[in-house]
Amino acid sequence: MSEFDDSGSAEQRARFDDEVHSRCADCRMPGRSEPLSDAAAVAIAAGRVDEATRAALVARWHAGRSLPSIGGFGALRNLVDERDRWLAKDTTSKPGSALVYKLRVAELTKRINHQRTTVVMSNRHYATGVRAARKERREGVHLDLDQRDAVFDALTRTPAPQKFGPLAERGLSLVDAATDRVSTLARKTPVSDRIEWATGKMDQFVDRKDDRFADRYDTLLFLAGSSFDRIRRSPAWQSTYFEIQRNQLDLFVELTDISVDATSLRTVATELDRIGETMVDEETAAQVESRRGALEVVWRQSTGRVAALVRLANLVESSETEARTSDAMARAHSLDDRIDDLVGRSGSREMSAQNTHFVGDQVRTQWRE
């Protein structure tokens, strides 16, 4: 059945709703996914900043003004997560490991700060003079230094599959043991080499079968961002055939709005959890549960919104498949017509060949005489 058949439209929508809700609940996606594009990452980051910065980012998108690229903001997220894991390690009972952790954190922080400088201080992407800044402000695309810093902070939370799987904690324990052993058995080895050896062992515990995410909100945003990328990269979507639909749906704004909702939901849910942990009386607990129920309604609406985006991505890709099939059929019909034309002209070709042979015979006879 074609994706475009109307008969199962309601069932199709329900199927996408359930699929998105299920994946977010599991915080995982089957297989390995491509990282989000810079455009998707910036749209999601726009949902995490204040309204003025968000408006400037949207205006920059519409004006074709990009941010500096650092090779993927999902990799930046992995760097920040790795640094946070090392910072969270308790070295109270293992003073020998403290230096290793401190050096690793310093190395990761240096790399993150270098990328911050690239994104925030680029002369190619931002106004460098008073006149240029005034012009950007009139156009609504100007970002001052504080705003760029805020955007970078938001980009560090770009949804990305976790670098380490569910056995990461076990791997971190292995780092402790490995560090102690290497410290005693190979004191002449540089500390950085010991760290790389230990983290290499840690990587053996990674679950590489499926993509896993930190929470359901990251999963939701990654699904939305991936669908954004699939639609944008589709030649069919960029063609004149879908020009009306492109004007009806601003993909960047849609993804930004989804990010705004997901960010707000995560913040409120975290606060509710904190209240639930500190307040033990039954009345407060009942009120917290009631509020959580209200949030679930909004969550369902958000997953439905992302499901619509996923469905659109599938439909656009299906349209490409059907267009290729139609093109192949058209080419086949055209080929049939050309073959029929060739066959229809066979009599003329035979007559022409006979006529040429006749002329040849005449020339041969005349030459002999």
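The values are calculated or read from the model by the stated rules, or taken from the named source; none is laboratory data. This is a predicted model, so every value here is computed, not measured. Ideal geometry is used to build each Cβ from the backbone, glycine not excepted, and the neighbour counts take in all protein chains shown. SASA here: full protein model, heavy atoms, side chains in, ligands and nucleic acids out. Shrake-Rupley method; radii C 1.70, N 1.55, O 1.52, S 1.80 Å.
Values as computed for the structure displayed
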item	result
Inter-site label distance for LYS89 and SER264 at 7 Å from Cα along Cβ, in nm	4.1
Point-to-point label distance, ILE244-LEU295, nm (Cα→Cβ direction, 7 Å offset)	4.2
Accessible area in the full protein assembly, largest first, 1.4 Å probe, for GLU82, GLU296, GLU11	GLU11, GLU296, GLU82
For the stretch 1-146, the spread of Cα positions along each principal axis, largest first, Å	66, 55, 24
Cβ-based charge dipole, the stretch 214-316, positive-most Cα from LEU249, ALA294, THR219	LEU249
Accessible-area value, LYS89, 1.4 Å probe, nucleic acids and ligands omitted, Å²	50
Accessible area of the stretch 83-128 belonging to carbon and sulfur atoms, whole % at 1.4 Å probe	53
Surface share of carbon and sulfur [accessible, 1.4 angstrom probe, percent] for the stretch 24-67	53
Heavy-atom accessible area ranking, 1.4 Å probe, most first, across ASP281, ASP210	ASP281, ASP210
Heavy atoms of TRP86: accessible area, 1.4 Å probe, square angstrom to 10	10
In Å², nearest 10: area of HIS21 left accessible to a 1.4 Å probe	40
Using a Förster distance of 22 Å, the FRET efficiency for GLU320-ARG232 (Cβ separation, nearest 0.05)	0.95
Accessible-area ranking of SER93, SER9, SER259, largest first, probe 1.4 Å	SER93, SER9, SER259
17 Å cut-off, amide nitrogen to a point 7 angstrom out along ALA133 Cα→Cβ, residues in the stretch 45-75	53
1.4 Å probe accessible area per residue over the stretch 231-271, in Å²	55
